[in-house]
Amino acid sequence: MNLQTIKASCSNCNLRELCMPMGLDDEQMERIDEIVATRRKIKRGGLLFRNGEEFTSLYAIRTGFFKTCVATEDGRDQVTGFQMAGEIIGLDGIVNDHHTCDAVALEDAEVCVMPFDKLEQLSREVTALQNHVHKVMSREIVREHGVMLLLGSMRAEERLAAFVLNLVQRLAARGFSKSELVLRMTREEIGSYLGLKLETVSRTFSKFAEEGIVEVKQRHLRILDTEALKRIVNSQQCQS
């Protein structure tokens with residue numbers, strides 16, 4: 001893998017509030033800076049890590065978008081998640097010291113490398129960091145439960161509405177628009193993640209557009225009626 005390595009610094013990073021705990025003093029921040037010593041650049045389509053690879057580090061996404069996926073028995077890629085700037089990736093490797101999925105860059109990306117043994121060691125000394133690592137792991141468990149609910153009991157419209165709302169909510173937390181976004185993933189990848197066929201994803205987007213809920217131009221998506229999307233998702237909860 002041809003990965004460029006650069007010096008990283010958490011203390012002057014504008015995503016610090018998203019992937020690092022709040023309220024650390026200068027000395028604690030300096031110690032974290034020492035751990036997160038390098039950044040790696042990954043070209044679009046490149047692998048950050050692959051299934052079966054030895055787990056050594058967690059990665060904080062600085063720029064770009066990733067998908068995680070596993071190969072199914074019939075050779076297809078099953079998308080298990082989409083990760084964006086300010087999120088931590090690589091947690092899958094903690095359990096068995098090996099990664100259980102591939103992490104692929106959906107656009108040119110840059111990550112900060114956090115060697116897990118050093119992170120663990122410092123977490124024992126800095127309580128705020130330990131709590132933060134636990135929160136990140138807990139968030140991942142909650143996300144997986146949400147996906148199981150999505151796949152287990154929602155209709156196509158509900159799945160896609162929930163996906164779009166979740167995506168725009170995460171982007172808004174990073175200072176992006178609450179109503180406009182560029183989909184970094186293909187319709188096929190969205191379908192793989194949501195357990196829907198490509199045609200179903202395209203048809204559902206068209207249905208939303210016809211109903212004046214969204215405006216879709218290739219990968220550009222504009223939400224015209226956020227409340228309508230919320231009603232689609234909530235209708236499922238009211239029925240259950």
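Points to keep in mind about this one:
- For segment 163-240, the helices (runs of 4 or more DSSP H) that sit wholly inside it and include 2 or more residues that are in contact with a Lys or Arg (Cβ under 7 Å, 6 or more places away or on another chain) and within 21 Å of V147 (Cα to Cα) are 187-194, 198-210.
- Those residues of segment 40-84 which are part of a loop (DSSP other than H, G, I, E, B), at pLDDT below 90 and open to solvent by less than 70 Å² (accessible area, probe 1.4 Å), in sequence order: T72, G75
- Here V136 meets each of (1) at pLDDT 85 or above; (2) within 13 Å of the chain's Cα centre (by Cα) with one exception, condition (1).
- Residue check for D92: part of a helix (DSSP H, G or I), out of contact with any helix residue (DSSP H, G or I) (no Cβ under 8 Å at 6 or more places or on another chain) and buried (at least 19 other Cβ atoms within 10 Å of the Cβ): yes
The values are calculated or read from the model by the stated rules, or taken from the named source; none is laboratory data. Please read these numbers as outputs of a predicted model, since none were measured by experiment. Cβ: placed from backbone, ideal geometry, glycine included. Neighbour counts: every protein chain shown. Heavy atoms of the whole protein, side chains included, go into the accessibility calculation; ligands, DNA and RNA do not. Shrake-Rupley method; radii C 1.70, N 1.55, O 1.52, S 1.80 Å.
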